[in-house]
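Colleague: Structure provided below as structure tokens; questions to follow.
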Amino acid sequence: MRLPNRFVGFIVILQSVLFLTHFVLYETWTFSLSKGHTAQPLWLEIGLFSLSLSFVVASLLAFRYTNSALRSFYRVAAVWLGLLTFLFLAAVFSWLILAVALLSGISVNFHRIVQWLFSAAAVAGLYGVFNAGWTRVTRATVQLANLPDAWRGRKAALISDVHLGHVRNGSFLRRMVAKILKEEPDAVFIAGDLYDGTAIDPASAAEPLRRLTAPQGVYFIAGNHEQFGSDDKYLAAIAATGVRVLTNEKVDVEGLQIIGVPYRNAVHGTQLGSVLQAMRLDRNRASILLVHAPDHPEVAEAAGVSLQLSGHTHLGQFIPWSWVARRIYRQFVYGLSRIGKMQVFTSSGAGTWGPPLRLGSNPEIVVLQFE
């Protein structure tokens, strides 16, 4: 399989960054051992070099193959990528502390600083792995104007970004379904990225959705990970479980307008506006828009949508990426917010992408009560 040039370029840049990051770790550790460089065991150099290649190699293989050995390799590489972020920050802070100490004329034990900060980084990373597997139920009350009487007091469950693939699989989805059913929601919304986009048996992975039922229906829209290429196999697998796949369409459920626009048709504001305009929403009735990413809430608000439900941001998953996500999505990065007459709820997601770590964000299932 020949990769597109832009994808090859991305891989080269990513691998270069990973080489540089591992080099910083190596230099920080070796320099801390004495005032100059000392010879290090060959295994340390080989180990760091191998780890620097692991995630790119595992990812390239994961898009084409799936087996137990590859899944284990991918998980190890993905966990290391998350730990690497914390270790790199620890290395940077070590050098900053040393620089401040030297400028202040203070004598410090650089090796001890590196030891403490690297240890703290490892602990933070391991907690992040644990936290990523601890799914919470987040509850919120949403007041909608012109809400039909039949929907007052009803509950809906929102789940997004499960990312079934080499880290999460059908057993994870089975647990999520059990948690959702325990809440007895009247409707369920799946806001995209059920799959990770890697090699997988879509039908087998989606099988637990057959148990996911709700009186007012279960609805799904495609996220960006379903639409890396053709989304046919994913959508067919989901539809076969009885879940209603919404593709640029509106359904009326006891007076409530439920709208679904897949990622590919919502990533550009003008296209999203055209899709919504073609649906001819009734502005005198409440409506819910299911769209994967909170990229253009102003477009949905202008179209007369009452409530937008999204995911995609993961709330950055872990520091420092959570800061980057907040900078990009601002108030729409997570939780319930408002723009004009429309409300937006963005979920942090149930699964993870890349490193299976969460620090500064929690995996969740959202339960919304309508008033």
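The values are calculated or read from the model by the stated rules, or taken from the named source; none is laboratory data. Since this is a predicted model, take the numbers as computed values, not measurements. Virtual Cβ from ideal backbone geometry, glycine too; neighbours counted across all protein chains shown.
Colleague: Can you confirm whether the stretch 309-316 contains a residue that is in a loop (DSSP other than H, G, I, E, B), over 16 Å from LEU144 (Cβ atoms) and over 13 Å from the mean Cα position of the chain (by Cα)? Give the steps one after another, and end with the answer.
Modeller: Residues of the stretch 309-316 that are in a loop (DSSP other than H, G, I, E, B), as a first pass: 311-313.
Add one more test, that the residue is over 16 Å from LEU144 (Cβ atoms), and what stays is 311-313.
Going one step further and asking which of them are over 13 Å from the mean Cα position of the chain (by Cα), we end up with none.
Checking the stretch 309-316: not a single residue is in a loop (DSSP other than H, G, I, E, B), over 16 Å from LEU144 (Cβ atoms) and over 13 Å from the mean Cα position of the chain (by Cα).
Colleague: Pick from ALA120, ALA90, ALA140: which is closer than 30 Å to VAL366 by Cα and either part of a helix (DSSP H, G or I) or within 27 Å of the chain's Cα centre (by Cα) (or both)?
Modeller: Working: ALA120 fails: closer than 30 Å to VAL366 by Cα; ALA90 fails: closer than 30 Å to VAL366 by Cα.
Result: ALA140 is the single residue among ALA120, ALA90, ALA140 that is closer than 30 Å to VAL366 by Cα and either part of a helix (DSSP H, G or I) or within 27 Å of the chain's Cα centre (by Cα) (or both).
Colleague: Here is a follow-up. Mind listing whichever residues of the stretch 56-81 are surrounded by 17 or more Cβ atoms within 10 Å (Cβ to Cβ) and among the β-branched types (Val, Ile, Thr)?
Modeller: Within the stretch 56-81, THR66, VAL79 meet the criteria.
Colleague: Does HIS292 qualify as being on the phi < 0 side of the Ramachandran plot, in contact (Cβ under 8 Å) with a residue 24 or more places away in the chain and out of contact with any strand residue (DSSP E or B) (no Cβ under 7 Å at 6 or more places or on another chain)?
Modeller: Numbers: on the phi < 0 side of the Ramachandran plot: yes; in contact (Cβ under 8 Å) with a residue 24 or more places away in the chain: yes; out of contact with any strand residue (DSSP E or B) (no Cβ under 7 Å at 6 or more places or on another chain): no.
For HIS292, the condition - on the phi < 0 side of the Ramachandran plot, in contact (Cβ under 8 Å) with a residue 24 or more places away in the chain and out of contact with any strand residue (DSSP E or B) (no Cβ under 7 Å at 6 or more places or on another chain) - is not met.
Colleague: OK, next. Which residues, taken from the stretch 345-367, are of a type in the set (Ser, Thr, Tyr) and either assigned to a loop (DSSP other than H, G, I, E, B) or outside the structural domain of ALA191 (by TED's automatic domain parsing) (or both)? Spell out how you get there, then give the answer.
Modeller: Our first condition is that a residue be of a type in the set (Ser, Thr, Tyr); within the stretch 345-367, this holds for 346-348, 352, 361.
Within the stretch 345-367, SER347, SER348, THR352, SER361 qualify.
Colleague: Of these, ALA214, ALA239, ALA203, which one is touching a Phe, Trp or Tyr at 6+ places or on another chain (Cβ under 9 Å) and of a type in the set (A, V, I, L, M)? So that I can check it myself, show each step before the final result.
Modeller: Values: ALA214 fails: touching a Phe, Trp or Tyr at 6+ places or on another chain (Cβ under 9 Å); ALA203 fails: touching a Phe, Trp or Tyr at 6+ places or on another chain (Cβ under 9 Å).
Going through ALA214, ALA239, ALA203 in turn, just one is touching a Phe, Trp or Tyr at 6+ places or on another chain (Cβ under 9 Å) and of a type in the set (A, V, I, L, M): ALA239.
Colleague: So in the stretch 308-330, with the set limited to residues that are crowded, with 24+ Cβ neighbours inside 10 Å and polar (S, T, N, Q), which one is farthest from ASN248 (Cα to Cα)?
Modeller: GLN317
Colleague: What about LYS250, is it over 21 Å from ALA132 (Cα atoms), of a type in the set (Lys, Arg) and assigned by TED's automatic domain parsing to the domain that holds GLN271? Even if it seems obvious, please write down each step before you answer.
Modeller: Working: over 21 Å from ALA132 (Cα atoms): yes; of a type in the set (Lys, Arg): yes; assigned by TED's automatic domain parsing to the domain that holds GLN271: yes.
In short, yes.
Colleague: Return the residues of the stretch 93-114 that are within 18 Å of TYR26 (Cβ to Cβ) and either loosely packed, with under 13 Cβ neighbours inside 10 Å or in contact (Cβ under 8 Å) with a residue 60 or more places away in the chain (or both); say none if nothing qualifies.
Modeller: Let us first name the residues in the stretch 93-114 that are within 18 Å of TYR26 (Cβ to Cβ), namely 93-95, 98, 110-111, 113-114.
Listed by number, the residues that qualify are SER94, TRP95, PHE110, HIS111, ILE113, VAL114.
Colleague: Could you check the stretch 178-221 and list, in sequence order, the residues that are within 24 Å of ARG71 (Cβ to Cβ) and hydrophobic (A, V, I, L, M, F, W, C)?
Modeller: ALA178, ILE190, LEU194, ALA199, ILE200, ALA203, ALA205, ALA206, LEU209
Colleague: Sticking with this structure for a sec: Would you point out the residue of the stretch 1-32, among those that are surrounded by fewer than 16 Cβ atoms within 10 Å (Cβ to Cβ) and more than 23 Å from GLY82 (Cα to Cα), that is modelled with the highest pLDDT?
Modeller: My answer is ARG6.
Colleague: What about VAL305, is it free of Cβ contacts under 8 Å to residues at least 60 places away in the same chain, within 20 Å of GLN331 (Cβ to Cβ) and either among the β-branched types (Val, Ile, Thr) or crowded, with 17+ Cβ neighbours inside 10 Å (or both)? Show your work before the answer.
Modeller: Working: free of Cβ contacts under 8 Å to residues at least 60 places away in the same chain: yes; within 20 Å of GLN331 (Cβ to Cβ): yes; either among the β-branched types (Val, Ile, Thr) or crowded, with 17+ Cβ neighbours inside 10 Å (or both): yes.
In short, yes.
Colleague: Residues of the stretch 143-173 being within 24 Å of the chain's Cα centre (by Cα), closer than 22 Å to ILE221 by Cβ and either in a helix (DSSP H, G or I) or without any contact (Cβ under 8 Å) to a residue 24 or more places away in the chain (or both), which ones?
Modeller: GLY170, PHE172, LEU173
Colleague: Of the residues in the stretch 51-77, how many are in contact (Cβ under 8 Å) with a residue 40 or more places away in the chain, part of a helix (DSSP H, G or I) and β-branched (Val, Ile, Thr)?
Modeller: Summing the residues that are in contact (Cβ under 8 Å) with a residue 40 or more places away in the chain, part of a helix (DSSP H, G or I) and β-branched (Val, Ile, Thr) in the stretch 51-77 gives 1.
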